[in-house]
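Take a look at the structure below.
The values are calculated or read from the model by the stated rules, or taken from the named source; none is laboratory data. Owing to the predicted nature of the structure, the values given are computational and were not obtained by experimental measurement. Using ideal geometry, Cβ is built from the backbone for each residue, glycine included, and neighbour counts are taken over all protein chains shown. With ligands, DNA and RNA removed, areas are computed over all heavy atoms of the protein, side chains included. Shrake-Rupley method; radii C 1.70, N 1.55, O 1.52, S 1.80 Å.
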Amino acid sequence: MCGIVGAIAQRDVAPILLEGLKRLEYRGYDSAGIAVINNKGVLKRNRSVGNVAKLELSMGTDSFSGGVGIAHTRWATHGKPTVNNAHPHAYEDSVAIVHNGIIENHELLRETQKSNGYSFSSDTDTEVIVNQIHQSLSENNTLLNSVTSTLSMLKGAYALAVMGRDEPDRLIVARRGSPIVIGLGVRENFVASDVHALLAVTQRFIFLEDGDVAEVTRDDIVVYDETGSKVERSEKIVPISADASGKAGYKHFMQKEIFEQATAVSETLEGRIVDGNIAEGGFEPGVLAAISTARSISIVACGTSYHAGLLAKFWFEEYAGVRCSVEVASEFRYRQPVVSEQELFIAISQSGETADTLAAIRYAKDLGYHSTLAICNVVESSLVREASHSIVTRAGPEIGVASTKAFTTQLAVLMIIAAILTENKPKGKASVAELVSQLAHLPAMINEVLELEESIYACASELADATHALYIGRGVMYPIAMEGALKLKEISYIHAEAYPAGELKHGPLALVDEKMPVIALAPSGQLVEKLKSNLEEISARGGMIFSLTDNLAGLRAQHRPHEIVFNSGAGFLTPIVYNVALQLLAYHVAVLKGSDVDQPRNLAKSVTVE
C-alpha cells in the first residue's frame, strides 16, 4: 500500500512530511517523493528510487522551506520503479498530486488528453489525474472545483492530496476505495493515508467517508460528501503515542510484535470475559444478538486473516454445530453465492482497508445476509464503518508487514464468537465454561511458548539453508500449517507450501527427499496416530523432519530429529499456541538469511488495490 502525507502550517512542513514518510516505511515501497510550495511561491519537487533516507539526501541544499506540501511512498503498479513514475506528479510546476489506488479508465483518459495536447512523462495512471486538474484550472476554475470535476471522470479507487501554486493556502483531499485521514493541529492541519504517519504532530483526526472531498487550510476543514453537500465529520482522538510505533529495544518490529502477543490477547479479552462468563458490556450493542441468532456463517478475508477464518470454521462447526463457509475475498466478490436464512457474514481484516474485503462486505449488503460483522484491529477503519456490527481486536499498532499479534487476536475474537454460538446452540463437545476458561489462560500459554525460543532458534539454524519446505497438519492444525508456510515464504523467501498431512501421498510426497524439510504439526489428540503414519512415509524417503509436538503425543525418535516440544497439550487453543512457535521459527530463519524482516520485498502491509 502506498503512503500519503500532506501538511499546511505556519512552519516549514518538509521535516513533517519526511518524518511522516519514515513512519509509513513499514508498509513497504520502492520510491519516494516530496513537493513543497516554498516561501518564494515556487513549487519545488524531488523524487527518488529507493528509501526515504535516499530521498532526503537527494534534496541537497535546494530550498524546500515552505508552509504547504505533499509527499508519497510508492509501490509500483502502473510502470516500473523509476524517478519519472514516482510521486508527486505535477503539471509544469503549477499543480501537484499524490495518489493511492488504481484508475481503471486511465488509458481512455490518456488518449483524450493526448489529443488535447498533453504529453506524458510517466507510465502511471496518476498522471491523467493531474493533467485533468490542470485542464480544469486553465478554464478559471478553483482548485477545489477542478479536483471535483476531475473526480467525476475517474473510474476506480483513489485517495488523493492535491496542491496548486496559485492557491498555496489550501490542500484538497479526496477518497474513494482507498483511505485518507485529516490530522488536526493548532493553526496547522495535516493529511495522511494512515494515522501512524501523523502521530508525532497530533492525535486528533477526522476520518473521511467514501466519496468525500475536503478542503484543508491552516484554520479550517470543509468536507463535502459524494453528492457535493457540505457535511460534518466528527473528530476522533486516537489514543496511540508517537513512540508506540517504535521498536522498544527489539531488533525488528516483527520480533517486538511476537513478544507483545500475550499482552495483546489480554487487551482483546478485557471486559469481554468476566468471572468466567461472556460479558455483554464488552461488546457494542447488538453484536451478541447478531451472533447468537445466526443459523449459519459465511467468513470472507484475505491472506493471514483468511487462515484465521479457516480455523474458525472448525470451531464453529465442532463446538456449536453452526455451518460455516470460508472464502477468499477476491473470489467471493465475483461470484453469486447462495445465502441461507439467518446467515451471518463475517469479514476479517487487520487494517480494515483491504480492497477486496471491503468490496466483499459491500457486496454482501446487497445479497440479503442476516447481518454483517467486521473483525478488525482499527476502530475507525472503512471496514468497521461499513459493517452492521464490529468487534475490534485491540492488538495495537502492528508495523511488521508479516502479521503476528493481529492474527493471534483475531483468533481470540473468533474463539469468543465460538463460545457465544456454543452458549446458544450447544452441541455437546465443549461447554462455554471450558472455552472461556481456556481463553482466560491464553496469555500465559503464549508466554510459555516464547520461553522455547532457544529450541526454536536451533531448528531455524537447520532450516535456514533450505530452498523449499513443506508444512503438514491435520484437522485444526492444517490452517496453522498454511499460516506457518506463509510466514516463512513472505519474510525468508523460502518457497513453502502447506498440505493436510493425509494429502502427502496424493502428490507432495514426490517432492520429499533428504533436501526437503517437512515441518510437522503433531500435537497429542485423536489425529496424532494418523499423522505418525505420514511421518513414517517421510522418514522412509529421507525427508528432514521438524516436529512441533508435546510430551503426550508419543512420537518415535526418528520422527523428531529436529523438534520443538511443548510441555503439554493446550486443548482448544493448541492451534494458537503452535502458531506462535511458527512465527518465531520464520522470524529466526529470516534473520539468519539476512532478509529484511519488517519490509519483505514486493509486499505491502495493507493491500488497498485489487
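Of note:
- At 0.890 mPa s and 25 °C, Stokes D of segment 162-203 from Kirkwood alpha-carbon radius, µm² per second: 215 µm²/s
- Average silhouette area of segment 233-322, convex hull of alpha-carbon atoms, in square nanometres: 9.3 nm²
- Amide proton proximity set for Ile299, modelled H, under 5 Å, gap of 5+: Ser325, Val326, Glu327, Ile346
- Using the Cβ-Cβ distance between Thr77 and Asn551 with R0 set to 51 Å, the FRET efficiency from 1/(1 + (r/R0)^6) comes to roughly 0.50.
- At R0 = 22 Å, FRET efficiency that the Cβ-Cβ distance of Gln203 and Val379 yields, to 0.05: 0.95
- Relative intensity, log₁₀ I(q)/I(0), of segment 346-485 from a Debye sum that treats every alpha carbon as a point, q = 0.18 Å⁻¹: -1.24
- Multiplying the residue separation of Val338 and Asn84 by 0.36 nm and removing their Cα-Cα distance gives an extension gain of 86.7 nm.
- Considering segment 103-164, its Cα convex hull presents a mean projected area of 4.1 nm².
- The percentage of C-alpha pairs in segment 284-412 whose separation is greater than 17 Å is 53%.
- Calculated Rg and Dmax of the chain using C-alpha coordinates, Å: 25.5, 81
- Cut-off under 5 Å, modelled amide H: who pairs with Ser31 long-range: Gly50, Arg74
- A simple spin-label model places pseudo-atoms 7 Å from Cα toward Cβ; at Val222 and Lys505 they are separated by 7.4 nm.
- Computed with a 1.4 Å probe on the full set of protein chains, the accessible area for Met59 sits at about 20 Å².
- Spatial separation of Cα centroids for segment 56-85 and segment 197-225, in angstrom: 22 Å
- Restricting attention to the chain, close to 60% of DSSP beta bridges with both partner residues there are antiparallel.
- Averaging 1/r over every pair of different alpha carbons in segment 181-258 and inverting the result gives a Kirkwood radius of 14.0 Å.
- Principal axis box of segment 89-241, alpha-carbon based, largest edge first, Å: 50, 29, 28
- Links that overshoot a 27 Å alpha carbon limit, given the list Lys313/Lys489; Lys251/Lys487; Lys54/Lys155; Lys256/Lys593: Lys54/Lys155
- Protein-only accessible surface order, largest first, of Thr142, Thr304 at 1.4 Å: Thr142, Thr304
- When the Cα positions of Met477, Gly281, Val36 are compared along the charge dipole of the chain, Met477 comes out farthest toward the positive end, with charges on each C-beta of Lys, Arg, Asp and Glu.
- Taking Cα centre as origin and charging only the Cβ of basic (Lys, Arg, +1) and acidic (Asp, Glu, -1) residues, the dipole magnitude of segment 275-351 rounds to 300 debye.
- Measure of compaction for segment 64-106 (Cα Rg per 2.2 N^0.38 Å): 1.28
- 10 °C / 1.306 mPa s Stokes-Einstein diffusion coefficient of segment 45-175, Kirkwood radius on C-alpha pairs, µm²/s: 105 µm²/s
- Three principal axis extents describe the C-alpha atoms of segment 371-444; from largest down they are 39, 33, 15 Å.
- Using a probe of 1.4 Å, the accessible surface attributed to Asp220 totals some 80 Å² when neighbouring protein chains are kept in position.
- Considering every alpha-carbon pair of segment 480-566, the percent of pairs per 5 Å bin, from zero through the bin containing the longest distance, is 3, 14, 26, 27, 20, 8, 2.
- Its Cα gyration tensor gives segment 1-81 an equivalent ellipsoid; the semi-axes, largest first and in whole Å, are 21, 13, 11.
- Rolling a 1.4 Å probe over the protein chains gives Glu448 an accessible area of about 100 Å².
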